Structures are given as structure tokens and as C-alpha cells.
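> One structure coming up, written as C-alpha cells, with questions to follow.
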Amino acid sequence: MTPGAVASRSSAIPLSLLFAALVVYASLYPFDGWRWPAGSAWAFLDAPLPRYWTKFDVMANLVGYMPLGFLVALGLLRSGWGRWAWVLALLLPALLSLLLETLQNLLPMRVPSNLDLGLNIAGGGLGVCIAWLLERLGVMRQWTHFRRHWFAPHAHGSLVLLALWPFALLYPVSVPFGLGQVWVQLEQVLSGLLADTPFLVWLPMQAEAAVPLSPLAQALCVALGLLAPLMLGYADVPVPGRRVVLMIALLVSALGAAGLSAAMTYGPDHAWAWVDMPALLGMGGAAVVALVTVSLPSRVCHVGLLLALAVSLSLLNRAPVSAYFDQSLDVWEQGRFIRFHGLSQWLGWLWPFAALVYAVRAVTRLPLGRQVDH
């Protein structure tokens with residue numbers, strides 16, 4: 001893209017912001033014990049290189065910033081920044097790394113490092129170089145052509161949600177693909193905040209113990225959990241044949257994410273322990289419904305997305321969380337992904353509600369070409 005090219009919206013911009021949030025989370029976790037440093041906050045810049053380091057730390061700092069540099073460069077390029085996109089894409093990740101390394105002075109459990117800063121800058125630069133190389137080879141133009149050929153022009157938000165959905169499935173859930181079961185945690189938080197206040201009686205507490213979901217209700221939640229992203233994708237892929245390809249891709253990614261989550265929680269031998277009769281029935285039902293609805297209009301798909309989310313969230317948040325599931329979370333939280341389990345948990349909690357907001361906006365949006373009468 002040249003400096004005079006027409007700017008266009010790119011999904012790389014929101015993805016780069018989300019990845020930057022991930023970098024901030026990983027760099028400042030656990031956000032506890034903030035205090036003002038005794039010496040200079042920038043003393044680490046001219047300090048000797050660390051004597052002790054591991055190959056994992058080097059690769060994590062180097063590779064961790066590569067997607068950020070790549071996404072920032074791609075997003076700025078597609079937004080019409082021209083040659084300035086490359087300069088800003090090199091500068092912004094470097095400034096973010098410098099800021100985060102400086103802020104680590106305020107956390108007793110984190111140690112700022114000039115080696116980490118250099119590796120982060122190098123990683124962001126490698127990401128920018130990859131974006132530049134792909135642009136020179138025409139890969140980005142081919143992707144732009146593919147996206148315009150397959151997806152609707154306004155599919156920026158849905159593409160971001162679809163890209164995040166498999167990652168939301170990595171955190172263990174009580175029902176396969178059943179994201180958004182937050183009421184138990186929200187009830188505990190609100191009860192603590194409203195304790196000893198007259199507003200506690202306003203909280204809609206459950207009068208009786210929640211009844212576990214029946215096998216048929218579990219199968220329904222599994223089916224709805226799969227149909228939500230399918231309807232989200234169908235709404236922005238107008239051709240039925242391409243919808244079938246999208247359906248297969250989403251189902252394969254869902255199986256892979258669920259299997260990986262179980263493998264990380266219980267071990268590789270139990271990667272498919274979650275595949276029971278309700279899960280099989282729900283997955284089969286979702287596939288059948290997806291094939292039957294492959295020719296629905298986009299607006300009807302948005303309505304289907306809205307209904308799938310509303311029903312699944314209602315069922316899941318009226319059901320209790322089993323003790324066995326609580327034990328699985330303990331295993332997960334003690335594992336090697338301790339720094340990211342909270343972030344993946346938030347993603348699993350919030351993804352359905354973000355998709356719900358997107359569905360409401362899509363359903364209430366005027367069709368293209370119509371204007372509001374004044």
C-alpha cells in the first residue's frame with residue numbers, strides 16, 4: 001500500500017490491541033505489592049547483563065513480541081499510514097516494552113532487565129520484517145482478496161471474535177463449549193461488595209440449591225455453544241458452499257481446543273475424556289442444524305446467534321458447578337500456564353457477552369443502502 005492509498009478497516013488493529021493487553025498482563029502479573037523503587041527506575045538500562053538466564057526466557061521474550069510487531073505493522077498499513085506504518089510498528093512495541101520493564105520496578109515479584117528489553121525490541125522488529133516480507137511477496141494482497149471474496153465488508157468484529165473463540169475454549173468449562181458460566185462468581189463478588197448494606201436484598205440470590213443439568217440439557221448447551229460461532233460466521237459468509245467449509249474449520253478448531261485443554265489439565269492420556277454421550281449428541285445436533293441452516297439470510301443468522309447465546313447463557317448460569325470441575329480448575333491453576341490462566345478464564349467468561357452485544361448491534365443495524373427518515 002502506498003501513502004496515498006485508500007485506508008480500510010482491518011481486523012489487525014483490534015487484534016493488536018488485544019495482544020498488547022496480553023503482553024501487559026504477562027509482564028505485570030500478579031499486579032500485587034506495588035511500591036516505589038529505592039533507586040532510579042531506569043537503572044536497569046545500563047546495568048550489566050543478567051548472569052542467569054534460560055533458553056525459555058530468551059525465546060519467550062523474543063517470540064512474545066513478534067505477533068505484536070506483525071499485527072501493528074499490518075493494521076497500520078491497512079489503515080493508510082503508508083511508509084510510516086513500518087516506522088511506527090518498530091517504535092510502538094519498543095516503547096511498550098520500555099514502559100513495562102520500567103513498571104516492573106514497582107513490583108517486588110518482577111525484575112526489569114535490559115536483556116528482556118532488547119529481546120522484546122528484536123522480537124517486535126522480526127514481526128515487522130515478516131509483515132514487510134509478506135507484503136513484498138504479495139501475500140497480504142492475496143489475503144485481502146480472499147477476505148473480500150469470502151466475507152462481508154463489515155466482518156471486522158466477527159473475524160476478531162471468531163479468532164478469539166478457540167482460545168476462549170482453552171480454559172476448562174463444566175459443559176463442553178459452554179462459555180459464559182459466570183453467575184456463581186458474580187454472585188460471590190456482589191455479595192461481598194454489598195455486605196452490610198441495604199442493597200444486599202436487591203441481589204437476586206437463588207433461594208434453593210441449583211439443580212444440575214440433565215444429560216439432554218447438557219447436550220443442548222453443547223450444541224448451542226457450537227452454533228453460536230457458526231451463526232456468527234454464517235452471517236458474514238454469504239455463499240452456502242463457503243459456509244460449509246467454515247463450519248468444518250470451526251468444528252475442527254473446537255475439537256482441537258477442547259482436546260488441548262483437557263490434555264493440559266489431566267494429561268495427554270485424557271485429552272478426550274470429555275467426549276461423553278451428551279457431548280456427542282450435542283456436537284451431532286449442531287452439525288445437523290448447521291447444515292440445514294446453510295442457506296439462511298445473514299440477518300436471520302444474527303437472530304440465530306442471539307437466540308443461541310441467550311438460551312445457553314440462561315441454562316449454564318442456572319446450573320451449579322460440580323466439585324469435580326472445581327478440582328480440575330485446581331489442577332489447571334497449579335500448572336505451567338499459571339501466568340495466563342486468569343486471562344484465558346476472563347476470555348472464556350466474556351466471549352459470549354461480547355458476541356451477544358455484537359449480535360444485538362447487528363440485528364438492530366439498518367440494511368446497507370437504507371437511510372433513517374428525518
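The values are calculated or read from the model by the stated rules, or taken from the named source; none is laboratory data. Worth saying up front: this structure is predicted, and the values here are computed from it rather than measured. Cβ sites come from the backbone with ideal geometry, for glycine too, and all protein chains shown count toward neighbours.
> Out of the residues in the stretch 105-157 that are at pLDDT 90 or above and among the small types (Gly, Ala, Ser), which is nearest to residue 83 (Cα to Cα)?
131
> Output the residues belonging to the stretch 288-312 that are of a type outside the set (Ser, Thr, Tyr) and without any contact (Cβ under 8 Å) to a residue 60 or more places away in the chain.
If the condition is that a residue be of a type outside the set (Ser, Thr, Tyr) and without any contact (Cβ under 8 Å) to a residue 60 or more places away in the chain, then 288, 291, 292, 297, 300, 306, 307, 310 are the ones that fit.
> Let me ask something else about it. Looking only at the stretch 87-104, count how many residues are of a type in the set (A, V, I, L, M, F, W, C) and over 14 Å from residue 121 (Cα atoms).
1
> Does any residue of the stretch 36-43 turn out to be touching a Ser or Thr at 6+ places or on another chain (Cβ under 6 Å) and within 20 Å of residue 95 (Cα to Cα)?
Scanning the stretch 36-43, I find at least one residue that is touching a Ser or Thr at 6+ places or on another chain (Cβ under 6 Å) and within 20 Å of residue 95 (Cα to Cα), so the answer is yes.
> Here is a further query. Run residue 110 past the list (1) under 15 Å from residue 28 (Cβ atoms); (2) over 26 Å from the mean Cα position of the chain (by Cα) and report the number of the one that doesn't hold.
Of everything listed in (1) under 15 Å from residue 28 (Cβ atoms); (2) over 26 Å from the mean Cα position of the chain (by Cα), residue 110 misses just condition (2).
> Within the stretch 222-241, can you find the residues that are over 14 Å from residue 306 (Cα atoms) and either modelled with pLDDT under 95 or under 16 Å from the mean Cα position of the chain (by Cα) (or both)?
Those that are over 14 Å from residue 306 (Cα atoms) and either modelled with pLDDT under 95 or under 16 Å from the mean Cα position of the chain (by Cα) (or both): 236, 237, 238, 239, 240, 241.
> Within the group 71, 15, 28, which residue is touching a Phe, Trp or Tyr at 6+ places or on another chain (Cβ under 8 Å) and either among the hydrophobic types (A, V, I, L, M, F, W, C) or over 22 Å from residue 125 (Cα atoms) (or both)?
Going through 71, 15, 28 in turn, the sole match is 71.
> Can you confirm whether the stretch 68-79 contains a residue that is outside the structural domain of residue 344 (by TED's automatic domain parsing), out of contact with any Gly (no Cβ under 7 Å at 6 or more places or on another chain) and not in a helix (DSSP H, G or I)?
Yes; the residues of the stretch 68-79 include at least one that is outside the structural domain of residue 344 (by TED's automatic domain parsing), out of contact with any Gly (no Cβ under 7 Å at 6 or more places or on another chain) and not in a helix (DSSP H, G or I).
> In the stretch 113-139, what residues are of a type in the set (A, V, I, L, M) and in a helix (DSSP H, G or I)?
115, 117, 119, 121, 122, 126, 128, 130, 131, 133, 134, 139 - these are the residues of the stretch 113-139 that are of a type in the set (A, V, I, L, M) and in a helix (DSSP H, G or I).
> When you go through 17, 103, 28, 68 one by one, which is the residue that is within 22 Å of residue 346 (Cβ to Cβ) and in contact with a Ser or Thr (Cβ under 7 Å, 6 or more places away or on another chain)?
It is 68.
> Next question. Condition first: in contact with a Gly (Cβ under 7 Å, 6 or more places away or on another chain) and on the phi < 0 side of the Ramachandran plot. Can you find one or more residues in the stretch 30-48 that meet it?
No, the stretch 30-48 contains no residue that is in contact with a Gly (Cβ under 7 Å, 6 or more places away or on another chain) and on the phi < 0 side of the Ramachandran plot.
> Specify which of the listed residues (268, 212, 278, 240) is within 20 Å of residue 349 (Cα to Cα) and either of a type outside the set (D, E, K, R) or surrounded by 15 or more Cβ atoms within 10 Å (Cβ to Cβ) (or both).
212
> Another question, then. Which of the following residues is modelled with pLDDT under 80, closer than 26 Å to residue 110 by Cα and among the small types (Gly, Ala, Ser): 39, 33?
Step by step, each of 39, 33 is checked, and only 39 is modelled with pLDDT under 80, closer than 26 Å to residue 110 by Cα and among the small types (Gly, Ala, Ser).
> While we're here: Looking at the stretch 290-318, which of the residues that are more than 22 Å from residue 233 (Cα to Cα), in contact with a Phe, Trp or Tyr (Cβ under 9 Å, 6 or more places away or on another chain) and not basic (Lys, Arg) is modelled with the lowest pLDDT?
Going through the qualifying residues, I end up with 317.
> Yes or no: residue 40 of a type outside the set (Lys, Arg), out of contact with any Pro (no Cβ under 7 Å at 6 or more places or on another chain), part of a loop (DSSP other than H, G, I, E, B) and under 17 Å from residue 117 (Cα atoms)?
yes
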